[in-house]
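Data first, discussion second: the structure below is written as C-alpha cells.
The values are calculated or read from the model by the stated rules, or taken from the named source; none is laboratory data. Keep in mind that this is a model prediction, so the values were computed, not measured. Methodologically, a virtual Cβ is constructed for each residue, glycine included, from the backbone with ideal geometry; neighbour enumeration extends over all protein chains shown.
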Amino acid sequence: MNPEDPDNPISGLLGDLLKVIGGGARGTSAPWLDAARALAAGVATDGGTESNPDPLQRIKLEELARVVELHVEGTTGLSIGDGHSYSFVPVGRGAWANRVLDGWRPLLERMVGLIDTAPTPPIEEALDSDEIPDGLQALLGQFASTMGPIMLGLQFGSAAGHLARQALGQYALIVPWPKSNELLVVPENVAAFAADWSLPEDATLLWVCAHELTVQLVLDRPHITARLNELLEGAVAESMAAQQGIAERLSGADVGPESLQNLMSDPEALLADLLAPGNRATSDRLNALVAALTGYIDHVTTTIAQAITGSAGPLSEAWYRYRVADSRGRQAAAALFGFDVSRAEVDRGASFVRGVVERAGEDGLARLLADSRSLPTPAEVDAPGLWLERIDLPEDRDAPETEGPPE
C-alpha cells in the first residue's frame, strides 16, 4: 500500500493527527499543551462558545471578598499579610479549564519530562519493515516518538474539561498553583449547584469564596505546599507507568497496519487504562495529607458559613453530596496526579477532624497547620488520638515521619 495514496486510511489518520499535535502552524514549543487546551475547551463548553461573565458578578464578588477575608483569618488564625489581598474573579467554564491547565503546568511538565526520557522500542523492532512501506514506517516512527506527551496532554485536557463543568471555584483539587492574587469562581456552576439543591445563591457564593480562600491560605503555608509538591512528584512516577502501557500497545510486535488502524479508531479503549483510577497505585501519604487538609478546609468553611448566615447545615450537606454523588470527573483528574478523592477519603478526612476537635478542641485542630512536624501520617489520620500524642512529644524524642520520602 502506497503511503502517499490519499485512500490509505492509516497514513491519512496519522498524518492528520501529527499535523494537529505537531503545532507546526503555531510554532508552539509544547504541542502536548495545545492538545490539552483544545480538548479541555471543547469538553468544558460542549463545543460551543461562551460569553464573558456578567460584570455584576465581579461587583458581587468584590463585596464578598473583604467579609470573607476577615472571617477566614479569624477562624483559621492565618494572616493574608500586610499589603496583600486576594480577589475573586468570575470565569466561564472554558476559561476555568484553560486556567487550571496553567495552574497544573509545572507538574505536567515534569510528567512530560519523564515520558521523554523513558526508553521506547525502535519502530523497526516493533514492526516488520518488509510489510510496511518506507514512508509509512517513517510516519509511524514520528508518531511513536510524540505519542506519549500528546496522550498525557489529552488525558489532562479531558480531565480539566470535565472538571470545569463541576468546579465551583479554583481548587476543585488541592493541587498547588503558581502564586497569584486571583482566585477563580465559576458563577454558572455555583448557580446550578444552588438551584439543584434549593439553596440561596448568595449564601452559596459566600460558601464558595470562603472555601477557596481557606484553601489558598492553607497552601500559603510554605511547608504544606512543599510537602504536597514532594508527594505529588513522587506519585508522578506511578502515573507514568500507564503511559508506558500505551507505548507498548502502539509498538507491540503484533501491531500491524490493520490492527493499528483498529486501535486508533477506538480512542476510548486506548484511554481506558489511563482514566481508570483503580488501575494505578497511589501514595498512602499523599492520600492521607489530602484527606486531612480537605477535612480541615470543609470544617473551616462550615464554621464561617454558620457565623455569617446562621444556618450552614443544608449547604454543608449539599456540598458533601455534590462531591461524592458523582465524583467521576474529580476522581479521574485526581487519579492522574496519583491520589484519591472518593467518598471514602472525604469521610476519612472528616472523621480525622471530628476526632481532633472532640479531644483537643479548635485550638488542637489549628496545630495541624503549625509546621511540617504537625502533618499527620496515614496511621494518624485514621487514629487522630495518635496524632495528638505525637505532636505533644518533645521534638528530640520524635523523628517526624512526614519528612521521609513518599511511600
## Note on the structure
Those residues of the range 327-376 which are in contact with a Lys or Arg (Cβ under 7 Å, 6 or more places away or on another chain), surrounded by 15 or more Cβ atoms within 10 Å (Cβ to Cβ) and either acidic (Asp, Glu) or more than 30 Å from Gly153 (Cα to Cα) (or both) amount to Leu369, Ser374, Leu375
### Message
Please list, ordered by residue number, the helices (runs of 4 or more DSSP H) wholly in the range 310-376 having 2 or more residues that are within 23 Å of Gly77 (Cβ to Cβ), of a type in the set (A, V, I, L, M) and at pLDDT 95 or above.
### Response
343-366
## Note on the structure
Those residues of the range 33-59 that are at pLDDT below 90, surrounded by 18 or more Cβ atoms within 10 Å (Cβ to Cβ) and under 25 Å from Trp207 (Cα atoms) come to a total of 2
### Task
Kindly list the number of the only condition in (1) crowded, with 20+ Cβ neighbours inside 10 Å; (2) at pLDDT 55 or above that fails for Glu73.
(1)
## Note on the structure
For the range 293-350 the number of residues that are among the hydrophobic types (A, V, I, L, M, F, W, C), without any contact (Cβ under 8 Å) to a residue 24 or more places away in the chain and under 25 Å from Ser283 (Cβ atoms) is 2
### Query
Does Leu199 satisfy the condition of being over 25 Å from Ala292 (Cα atoms) and not in a helix (DSSP H, G or I)?
yes
### Query
Restricting to the range 84-104, what's the tally of residues that are more than 19 Å from Gln216 (Cβ to Cβ) and among the charged types (D, E, K, R)?
1
